[in-house]
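The values are calculated or read from the model by the stated rules, or taken from the named source; none is laboratory data. From a predicted model like this one, the values you see are computed outputs, not experimental measurements. Every residue, glycine among them, receives a Cβ derived from its backbone with ideal geometry; neighbour counts consider all protein chains shown.
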């Protein structure tokens, strides 16, 4: 009986000691979790972000740009000088004239609303079309073959009422930033502004988590990505592994500082790594079906397309965007926009 009592006593003491150690570890763990480091989170959030992303989705809009060109075709032996062309000379020398169009879809985000005017942020390459396009005979070295002149451009933003054209307020082609503006009618619904605090990309680190929301292939989608090589942010750009697809250009890039719901603007998705692929294809008069087992004897043509290297996405920093606004405060004011209300 004495032996059994000692055994029981030892067991009780051991349980008390282990219990104390366990309690101590839990208290220490809670202390670590409650600590903040004022950095962007590199771990996935332990709380839902659905409410925040629902709000972001109401500020992100689909942007469609449609451009019309008047294209003239000239004879192969013409002696036209591109620097001396006039409307009358073009019409007299051309063999035929056609109207063509090009369209691009991207993403725009509402960054300004003062009760009368709305402004949106997007990429310059989405809305930037050349005024004139020239092709030449003899592999681009001979006489002018075609001349296309832009005659009209229409920019449509989903949920922004039609009417007067949306104006291009600012454009920085080198940094791929554009700001669009439009005067709203009094009876239209108030658009929601993505008014998260402007962040600091110098605080981004390897592995910082960001969210990107836009319209890839015309569908509103959100993706989560990881920041790489954050040192590039000092040069106005940084990299993520976001799965970029056509249409996501202009999407806001958001990061979380010390937990949900502390979202901050850190940039805008602009482009993805891509490579040019050339291939041989049949002519336009080729039948719809070609038997792959038969030898093809008609004319062949060389064509190309850009193939996206998924998982390498370039982003412009929020500092570059706000710098463009600061440098053009006078111009914005002249157009009726208060520079101090952007991102508010």
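Structure data summary
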{"item": "Some residue of segment 66-74 being part of a strand (DSSP E or B), touching a strand residue (DSSP E or B) at 6+ places or on another chain (Cβ under 6 Å) and either without any contact (Cβ under 8 Å) to a residue 60 or more places away in the chain or under 22 Å from residue 337 (Cα atoms) (or both)", "result": "no"}
{"item": "Filter result for residue 55 (assigned to a strand (DSSP E or B) and either at pLDDT 90 or above or more than 30 Å from residue 247 (Cβ to Cβ) (or both))", "result": "no"}
{"item": "Failed item in (1) closer than 30 Å to residue 138 by Cβ; (2) modelled with pLDDT under 90, with residue 46 passing the rest", "result": "(1)"}
{"item": "Yes/no for residue 7 being at pLDDT 85 or above and either closer than 30 Å to residue 246 by Cβ or exposed (fewer than 15 other Cβ atoms within 10 Å of the Cβ) (or both)", "result": "no"}
{"item": "Subset tally (residues that are at positive phi and touching a strand residue (DSSP E or B) at 6+ places or on another chain (Cβ under 7 Å)) for segment 128-160", "result": "1"}
{"item": "Top-ranked residue in segment 61-77 [being within 30 Å of residue 109 (Cβ to Cβ) and in contact with a helix residue (DSSP H, G or I) (Cβ under 8 Å, 6 or more places away or on another chain); ranked as surrounded by the most Cβ atoms within 10 Å (Cβ to Cβ)]", "result": "63"}
{"item": "Residues satisfying the stated conditions in segment 221-245, i.e. surrounded by 15 or more Cβ atoms within 10 Å (Cβ to Cβ), in contact (Cβ under 8 Å) with a residue 12 or more places away in the chain and not in a strand (DSSP E or B)", "result": "230, 233, 236, 241, 242, 243, 244, 245"}
{"item": "Test for residue 211: is it buried (at least 18 other Cβ atoms within 10 Å of the Cβ) and part of a loop (DSSP other than H, G, I, E, B)", "result": "no"}
{"item": "Any hit, segment 184-192, residues being in a strand (DSSP E or B) and either surrounded by fewer than 18 Cβ atoms within 10 Å (Cβ to Cβ) or touching a helix residue (DSSP H, G or I) at 6+ places or on another chain (Cβ under 8 Å) (or both)", "result": "no"}
{"item": "Extreme residue, modelled with the lowest pLDDT, among residues of segment 180-217 that are over 30 Å from residue 39 (Cβ atoms) and touching a strand residue (DSSP E or B) at 6+ places or on another chain (Cβ under 6 Å)", "result": "184"}
